[in-house]
Amino acid sequence: MTSTGLEATRPSDAERDRALAILREGAGAGRLSHDTFIRRMNFVLGAQTRSELAHATRDLQGPEPKVVQVFRQLVTRVHQLTGSLRTSAPAPGLALPLPGSPTLRVGRGDGATLRLTDVSVSRFHAELRHVGDGWMVRDLNSMNGTHVNGTRITGPTRVRPGDRLQFGAIPFTLTSPDSR
């Protein structure tokens, strides 16, 4: 089979996984916006040929330009400095939703109940709701993550008053719903 013939064949699951890993790395490195990452991820999942996979990752496979690497290091240093300054001040309180109240949606977008304007917060960042006898927080595939007590969460996570909850770079200390 010629190389053109190989490019026209259906990709394997392993090839899709490699393409998705390249996209995740590109998004994590800031080379793709969240919207572009989602759009390309859907494209990779629906790709019918190997050439479509190659097209979706073509601009991410080479090394980052030197200017991008230097800029990333500078941003990391500034973030570390401001992060250490931020942690010295206590985080503001965020009252947990009352039992039976609607889900609290956090983000920069119009549909957010708790609207945060910081650029580290995604348009649709996270949800906080009362479930059964406690509260759960769920990250909505945000770019900068949701953290509970310093650990980035990957699935629905139980929280309680006193926990430190962080959306992107914005920290809160959870308070009981009756302390409003």
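The residue list 24, 16 contains one member that is open to solvent by 50 Å² or more (accessible area, probe 1.4 Å) and at pLDDT 75 or above, which is 24.
Of all residues in the stretch 27-38, those being in a helix (DSSP H, G or I) and surrounded by 14 or more Cβ atoms within 10 Å (Cβ to Cβ) number 4.
Could you grab me the full set of residues in the stretch 116-142 that are open to solvent by 60 Å² or more (accessible area, probe 1.4 Å) and under 20 Å from residue 33 (Cα atoms)?
Passing the criteria: 117, 119, 123, 124, 141.
The values are calculated or read from the model by the stated rules, or taken from the named source; none is laboratory data. Please read these numbers as outputs of a predicted model, since none were measured by experiment. Neighbour counts run over all protein chains shown; Cβ positions are idealised from the backbone, glycine included. Ligands, DNA and RNA are stripped out before the accessible areas are found, and what is left, the full protein with its side chains, is counted by its heavy atoms. Shrake-Rupley method; radii C 1.70, N 1.55, O 1.52, S 1.80 Å.
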